[in-house]
1. What helices (runs of 4 or more DSSP H) lie completely within segment A:336-386 and have 3 or more residues being closer than 25 Å to A:Glu527 by Cβ and touching a helix residue (DSSP H, G or I) at 6+ places or on another chain (Cβ under 6 Å)?
2. Those residues that are under 18 Å from A:Pro501 (Cβ atoms) and facing chain A (nearest Cβ under 7 Å), I need them from segment B:68-94; list them, please.
3. Would you call A:Leu227 within 14 Å of another protein chain (Cβ to nearest Cβ), in contact (Cβ under 8 Å) with a residue 60 or more places away in the chain and closer than 18 Å to A:Thr193 by Cβ?
4. When segment A:124-143 is examined, which residues are found to be surrounded by 16 or more Cβ atoms within 10 Å (Cβ to Cβ) and without any contact (Cβ under 8 Å) to a residue 60 or more places away in the chain?
5. Considering only residues of segment A:188-224 that are polar (S, T, N, Q) and within 20 Å of A:Gly88 (Cβ to Cβ), which is modelled with the highest pLDDT?
6. Select from segment A:395-420 the residues that are of a type in the set (A, V, I, L, M), under 16 Å from A:Ser445 (Cβ atoms) and not in a loop (DSSP other than H, G, I, E, B) and list them in ascending order.
7. Could you count how many residues in segment A:194-207 are free of Cβ contacts under 8 Å to residues at least 24 places away in the same chain and either among the hydrophobic types (A, V, I, L, M, F, W, C) or surrounded by 15 or more Cβ atoms within 10 Å (Cβ to Cβ) (or both)?
8. Where in segment A:570-664 are the helices (runs of 4 or more DSSP H), entirely inside, with at least 2 residues that are of a type outside the set (A, V, I, L, M) and within 23 Å of A:Phe537 (Cβ to Cβ)?
Amino acid sequence: MADSTALSKDSPAQVALVGNPNIGKTTLFNLLTGLRQRVGNYPGVTVSKKVGVLPLPKGTAELIDLPGTYSLAATSLDERIVVDVLSGQVPGLPKPNLVVCMIDATNVVRNLFLASQIAELEIPMIVLLNQWDLAQKQGLQIDIDLLEQRLGVPVIPCVATKKASATAVVDAIDNTLVSPKQLKPIDWPEAVTEATCTLRADMPEGVSESLSDAEIHRLLFDANSALAERLDWDDDTRRASVKKARRVVQSGGFNPMAAEPLLQYEHLNTLTESVVNRAGELPKQHSESIDRLLVHRGWGLAIFAAIMYVVFLSVYTGAGPMMDLIEWGKGSLQDWIAPMLSSTPMLQSLVVDAAIEGVGAFLVFLPQILVLFFFIALLEDTGYMARAAFLMDKMFSWCGLNGRSFVPLLSSYACAVPGIMATRTIEDPKARLATILIAPLMSCSARLPVYVLLIGAFIEPEHGPFVASLTLFAMHFLGLAVALPLVWLFNKFLLKTRPQPFVLEMPRYHVPKFADIAWRMWESGVEFVKRAGTVIFAITIIIWALLYFPHSSAVEEVTTQQFIAVQGLTLEQIQADEDQAAALGQAIDSAYLEQSWMGRMGRTVQPIFASAGFDWRITVGVLASFPAREVIISTLGVIYSLGGEVDEESHSLKDALKGATWHEGPLTGQAVFTIPVVMGIMVFFALCSQCGATLAIIKKEAGTSWAVFSFAYMTALAWLGAVLCFQIGNLLG
Amino acid sequence: MREVPLHLNETESQLQNLMDATLSTLPIGQAARVKAYDQCNATDQRLMVMGLIPGVEVRKIRVAPLGDPIAVEFDGRCVSLRRTEANSVRLESA
């Protein structure tokens with residue numbers, strides 16, 4: 001472990017990678033750190049933090065990939081993290097020793113804005129001119145020596161996809177860590193300097209010492225700075241002081257709200273004068289010609305629909321073989337292990353029905369997550385995702401979301417878990433939270449078996465295939481129809497969002513790198529397994545215990561005796577006949593379920609569901625389905641003594657449901673599954689939060705209280721929907 | 001003598017039109033120069049940071065199929081924004 005080099009003796013040097021969004025930062029990060037990167041969260045917030053080990057000629061450094069941003073003006077959490085990290089305000093993360101500022105060589109002045117702001121934080125810097133090849137193709141001549149001289153820091157031309165660039169960048173980092181150079185910040189006019197002093201003087205004790213001038217400028221210049229949230233400074237007095245300081249800027253003849261960009265750009269224009277020269281006219285951008293087709297007023301939407309169809313279909317069916325393989329693997333493992341533990345039935349059930357089942361239950365989502373993130377990475381890296389948001393924005397803006405919500409919501413139709421993970425592409429935290437809250441309402445593929453079973457058993461035989469498919473469509477549409485008005489309500493009363501701006505740069509189209517896409521898939525897969533896995537596993541064990549215990553052996557004896565009495569056979573005769581033996585086994589399972597804590601809970605809770613027309617059996621099915629809604633099929637199978645191996649196409653289960661009657665109460669003898677009850681069950685499953693994996697991922701992405709809220713509102717909504725269905729259905733006769 | 005005031009009136013009405021012109025009302029394909037911002041709120045500041053400052057020439061490229069948002073181009077950057085946001089950007093002829 002001991003290394004004698006100077007760099008690794010102390011803690012490794014911290015190097016931060018910053019730049020505007022979509023300019024190839026992450027590509028370079030992946031190229032520089034390779035497999036030595038890890039993803040986590042910044043303490044206390046859900047912004048993901050990417051850190052990698054950067055090997056240097058002498059020792060190593062830690063490279064932090066910060067979220068892409070245009071300026072230090074922070075309106076969102078993502079942007080605030082950049083200011084916080086660069087000013088050393090994140091607990092446990094020292095102020096970086098070096099900032100690598102990546103700028104787009106085809107737009108030097110606009111990209112230097114961020115660099116010039118960071119210069120005020122007094123951190124050594126390197127400037128990378130990325131897309132150097134494209135700049136040359138466009139006929140731009142950039143005088144690097146002159147720029148380096150004017151900026152006072154190393155300027156490295158670079159192509160983020162090329163290995164040679166990586167070597168040049170590593171050398172520059174190594175050199176600059178040894179002999180640090182800082183970018184000269186702008187000379188503010190006196191009015192701004194004075195305003196900064198005024199504001200500092202007004203600050204409460206403790207606050208003023210902790211802030212640099214650069215951070216004070218954020219409070220002074222930004223319309224609503226997210227920086228204010230971290231200060232221990234009362235809102236009202238802060239606003240009054242900021243207002244006072246802004247008047248000082250105004251008295252110097254500047255509009256305080258426009259002063260920073262105007263002065264910075266004036267400064268940058270002088271700084272870069274005669275650095276960039278263009279040989280000839282700007283050639284036609286090929287992105288524009290692609291856009292003419294892809295975002296065309298007429299067929300733009302048709303192309304978008306076609307692309308989404310392919311994505312959706314791939315997530316839905318493409319993951320199928322892998323999911324089957326996982327199911328098969330799970331089944332074989334269970335079949336292999338079960339006999340070994342047959343001497344201890346409780347352990348057997350724990351391992352086979354809970355542990356393996358539980359691991360399988362969340363691993364089965366992994367293929368869909370990987371397929372979806374393959375497409376998300378592909379759409380983002382090519383530049384199409386921004387266009388999709390542009391096309392879809394109008395549909396979502398009325399309820400307070402923006403176009404970025406479309407892809408996560410659509411993918412939630414396959415499965416809400418990858419859908420919720422995909423909300424990370426939404427920058428605005430409140431729009432993201434709102435999307436997370438409604439994503440589980442989209443009818444995911446796990447609901448399909450319930451629809452298929454009930455429609456096949458009750459709707460199709462009576463009303464024909466047309467009404468059946470219409471019902472299936474209505475069930476898929478219901479979630480979305482409920483979700484958008486709900487978001488409107490959430491935004492108005494709960495999240496209290498102001499209308500969110502939607503200013504989005506359309507990045508240039510470009511060919512994505514396979515390594516970047518593979519990284520995105522890997523990251524999402526690992527995070528899902530690591531974080532959601534544990535919660536799902538725990539929930540599965542709890543439900544198993546509720547279904548298994550108390551498991552008194554008296555149940556088995558009583559059931560066997562009843563069975564013998566009804567069949568009029570001896571125990572030996574039954575055991576000799578395979579069918580009879582199986583029937584006895586199923587009757588025992590069914591009796592155990594009825595006597596289990598879950599069975600008793602079902603009977604206790606049933607009155608709540610009575611107004612939806614559910615009997616205790618349906619109630620147990622509903623309760624047992626909370627960890628994973630698809631469990632309803634096998635639970636109903638156990639309840640109706642068919643064994644757990646039934647599926648939605650199983651005729652015996654359909655017949656059992658059709659034949660089910662009330663055993664007690666005023667309806668004794670009448671059929672349980674009437675059309676209003678059936679519709680009620682389907683609506684319940686369409687709206688209810690019955691997925692441990694989804695709740696685990698909401699907890700991870702938005703926090704425990706939002707996971708609880710999501711569970712509560714969806715379950716209440718589902719109950720209400722089922723009751724309305726049953727009551728209105730009965731009224732209509 | 002009568003032609004001069006008439007001419008002036010025309011200029012005035014043209015000026016009036018230009019004063020009313022915003023990025024939202026700019027016809028597709030047309031270019032103009034940014035004159036000022038109405039509010040200088042966070043969205044306006046974001047646009048200025050991206051380089052859409054007074055004096056910069058901006059061209060409206062397209063409108064989304066559903067009528068909103070719009071896409072504009074300045075300094076070789078293509079940016080999408082909503083009409084309500086574009087309303088705040090006042091223009092003068094290029």
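1. A:357-363, A:366-382
2. Those that are under 18 Å from A:Pro501 (Cβ atoms) and facing chain A (nearest Cβ under 7 Å): B:Asp68, B:Pro69, B:Ala71, B:Arg77, B:Cys78, B:Val79, B:Ser80, B:Leu81, B:Arg82, B:Glu85.
3. Numbers: within 14 Å of another protein chain (Cβ to nearest Cβ): yes; in contact (Cβ under 8 Å) with a residue 60 or more places away in the chain: yes; closer than 18 Å to A:Thr193 by Cβ: no.
No: the conditions fail for A:Leu227.
4. Selection gives A:Pro124, A:Met125, A:Ile126, A:Val127, A:Leu129, A:Trp132, A:Ala135.
5. At the first step, the residues of segment A:188-224 found to be polar (S, T, N, Q) are A:193, A:196, A:198, A:208, A:210, A:212, A:224.
With the extra rule that they be within 20 Å of A:Gly88 (Cβ to Cβ), the set shrinks to A:196, A:208, A:210, A:212.
Numbers: A:Thr196: 94, A:Ser208: 84, A:Ser210: 84, A:Ser212: 88.
By that ranking, first place goes to A:Thr196.
6. Across segment A:395-420, the qualifying residues are A:Leu409, A:Leu410, A:Ala416, A:Val417, A:Ile420.
7. Start the filter on segment A:194-207 by keeping residues that are free of Cβ contacts under 8 Å to residues at least 24 places away in the same chain, which leaves A:197, A:200-201, A:205.
Now restrict to residues that are either among the hydrophobic types (A, V, I, L, M, F, W, C) or surrounded by 15 or more Cβ atoms within 10 Å (Cβ to Cβ) (or both): A:197, A:200-201.
Number satisfying all stated conditions: 3.
8. Working: elements: A:571-576, A:578-595, A:597-610, A:616-624, A:631-639, A:651-659.
Result: A:631-639.
The values are calculated or read from the model by the stated rules, or taken from the named source; none is laboratory data. Quick caveat, the model's predicted, so the values are computed rather than measured. All Cβ positions, even for glycine, are placed from backbone atoms using ideal geometry, and neighbour counts span all protein chains on display.
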